[in-house]
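Q: The structure's right below; bear with me while I get my questions together.
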Amino acid sequence: MTTQDNISKEAQLFKDVERLVNQEEYAKALKSIDKILQLNPEDKDALHCKIVSYIRLGKYQNALDILQKKFSDSDKLISEMAYCLYRLNKFDDLLNLLRQHKSDNNSELSLRHLEAQVAYKTEDYNTSIEIYYTLLQEADKNDDVYNDILTNFNAAKAALLFSGGHLDEKYTMTDSLNTYELAYNTASKYIGQKDYKKAEKLLNTAKNMCKKSLLSEDYTEDKVEIELGAINVQLGYVYQLQGRISDAIDIYQNVLKTKGMDMTVSAIASNNLVAAKKDSELFDSTRKLRIASSKNLDTKLFRGQKRVIAMNEALLSLYMHKYAACQESARKLLQIYPENDDLYLLIASTSYLQKKINKSILDLQESAKQKPESLHINFALMQLQLMTSNPNNALETFEKYLLSIKDDKERYKPGYVGLLVWLYEQSGMHDKAVKTLEDAGTFWKNTSSSNESTLILKQTAAFKIKTGRYQEAAQYYEQLVKADPLDTQAIAGLVSAYSHYDIEKAEQYEASLPDINSGEGAVPMDIDVDSIERIVPGVKKSYYKKTDAKSDKPSQMTHKKKKRRKPLLPKSYDPSVPPDPERWLPKRERSTFKAKGKRKQQLMKGGSQGTAVAGGGIGSTGSANIGKSVVSENQAVANTTQPTQPQQQPSKPKSGDNKNKKKKKKGNKW
């Protein structure tokens, strides 16, 4: 074939490739591309088309192999190579590639966008937010790329808040809701800020926008439900956080019933459903967690999501009383997630649920040595020590924890100070409790925070009154009243302190207290006590006396008489005829009973069944036992008068007593 023929054939094949790509028939396009490469194996355009087709088909490794063999020294296809590395989760290679070709030109917008996505994927949310923020300042708001960047920007902010990070104020932008993706990510941001009402409203908005948009593009109902899966699961999560567990369970179950649902969405729905059901339907929960922890999801779920699913698997073992399996899982997870303090509590819980509270305390003490700054571990240890009536040990644990805190503002928090004072009081160390309150008061007085200083002063004054130091308490309350003369709580405390040693001053300050019927939260004095008693929950209304509407006198209780049912009488009942006195006896025992047939002959022979014959005569000795009834009476009296005597066993009959018995005849049976 001549060169001219090859050129014309190659041109025709390129037209076929273009047509198939426009029709999204990438598998057929690859066949035409291979024919072009047979004619010219080094054709860069054909190789580029093949790379794009592989990417469209999701065969990223095949595309990367061609890029590394044929375009290793070229900078033309850096975006394609970076995208393949990103989809294959080769983030280290991708970051090296981006650093080599980093540029501030607008032409490198796609690479910078990809760099932000890598930072997001590796959970470096601050870097991702910073890059997206810079891109938003440079992008045109009327461009579609702007909405894509803004959507990812909101996703990064939401992820940062979910992970417990702090969002800088300069990134709090007023977001537009042009697309349902924007509404969804903005709702996720509000979830991270724990504003669940706004999040719920935005998720419903995103749901309606998504449905309307997809139906306008001729999507089928099934495909629309698949697209709505992520929004529905997030909405169920919001319901779950608000305590609407039944609504959340309904949403998760509907998502899991949808055929063709995305694997990641199904995994999150399964995990959330298990968390909502807690310790009910444990075997079903085990099956669902197997779906959520599939190996195929390793590259799709974030590290935090995988940690939560693994934690739930360990908790499920605990609910099923598989304590050894739970401990083994928790210890394995500690090697992967050493920062997770809840795993230490899970290990201690296995011993606690087996009634081994001392072993649980020892486990927590070992954990506290490894992580002395952990609030969860130390407070769980203190709780167990207080449950075993060891306030001194709990005090020692809390003091060690406070020493691990470097920030004085954190150490002198009013809550911590109050707990420390209470532990000192339980241990009988009142002087140390006073000194703790004074040190905290001095610290907050020297700082600009007045709210904490007021709380500490009130705690100190209340403790002084409790320990009988009324004059010192009055001094603290005077400081509070001078700072805020309208503080009724401080004035009431001052009155209480003065009432123990200076009645005149107590009465003077008592006059400045607001009237009980005035001000906010006033108590009305015209309270009808009787009406309040009538509405006491859990008490029957019939226990209270009813009052007449016209007078205040209680009306007499009128008890309704119970209606008696009419007796059921036979159809032939005649009130003039007296009832038969033997009507309760069986017919055969009535005096009017007349036997018939064989029954009559049996009765003529020996009487009715069960009747006793006094005396022998028939088959016995032949003499009547006349004194038998008397002997029986005397024996009954003897048994009742001497119940404690053990009864003698009846003696065995002598051999001579068997004389009258018939002997067996010897011989054969016949």
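Q: Please verify whether Ile291 is under 18 Å from Val255 (Cβ atoms) and either of a type outside the set (Asp, Glu) or in a helix (DSSP H, G or I) (or both), treating the condition exactly as stated.
A: yes
Q: Please determine whether any residue of region 171-191 is surrounded by fewer than 21 Cβ atoms within 10 Å (Cβ to Cβ), more than 19 Å from Asp247 (Cα to Cα), of a type in the set (Lys, Arg) and touching a residue at least 12 places away in the same chain (Cβ under 8 Å).
A: Within region 171-191, none of the residues are surrounded by fewer than 21 Cβ atoms within 10 Å (Cβ to Cβ), more than 19 Å from Asp247 (Cα to Cα), of a type in the set (Lys, Arg) and touching a residue at least 12 places away in the same chain (Cβ under 8 Å).
Q: Go through the residues of region 355-373 one by one and say whether even a single one is hydrophobic (A, V, I, L, M, F, W, C) and within 19 Å of the chain's Cα centre (by Cα).
A: Looking for residues that are hydrophobic (A, V, I, L, M, F, W, C) and within 19 Å of the chain's Cα centre (by Cα), one finds none in region 355-373, hence no.
Q: Quick check on region 450-459: of everything there that is crowded, with 17+ Cβ neighbours inside 10 Å and without any contact (Cβ under 8 Å) to a residue 24 or more places away in the chain, which residue is nearest to Ala497 (Cα to Cα)?
A: Residue satisfying both the conditions and the ranking: Leu457.
Q: OK, next. Name the pairs: first residue in region 148-165 and farther than 15 Å from Gly304 by Cβ, second residue among the β-branched types (Val, Ile, Thr), Cβ to Cβ under 8 Å, at least 6 apart or on different chains?
A: Partner pairs satisfying both residue conditions: Thr151/Thr179; Phe153/Ile129; Asn154/Thr186; Lys157/Ile129.
Q: Might you check whether a residue that is within 18 Å of Phe398 (Cα to Cα), within 39 Å of the chain's Cα centre (by Cα), surrounded by fewer than 18 Cβ atoms within 10 Å (Cβ to Cβ) and acidic (Asp, Glu) occurs anywhere in region 422-435?
A: For region 422-435, residues within 18 Å of Phe398 (Cα to Cα), within 39 Å of the chain's Cα centre (by Cα), surrounded by fewer than 18 Cβ atoms within 10 Å (Cβ to Cβ) and acidic (Asp, Glu): present.
Q: Now a separate question. Any idea which of Leu64, Leu47 is modelled with pLDDT of 80 or more and within 47 Å of the chain's Cα centre (by Cα)?
A: Sole residue among the options that is modelled with pLDDT of 80 or more and within 47 Å of the chain's Cα centre (by Cα): Leu64.
Q: Additional query: Tell me, which residue of region 490-518 that is touching a helix residue (DSSP H, G or I) at 6+ places or on another chain (Cβ under 8 Å) and surrounded by fewer than 14 Cβ atoms within 10 Å (Cβ to Cβ) is modelled with the highest pLDDT?
A: My answer is Tyr501.
Q: Looking at Leu395, is it crowded, with 22+ Cβ neighbours inside 10 Å, of a type in the set (A, V, I, L, M) and in the same structural domain as Glu438 (by TED's automatic domain parsing)?
A: No, not satisfied.
The values are calculated or read from the model by the stated rules, or taken from the named source; none is laboratory data. All of these numbers come straight from a predicted model, not from anything done at the bench. No Cβ is skipped: glycine too gets one built from the backbone with ideal geometry, and neighbour counts run over all protein chains shown.
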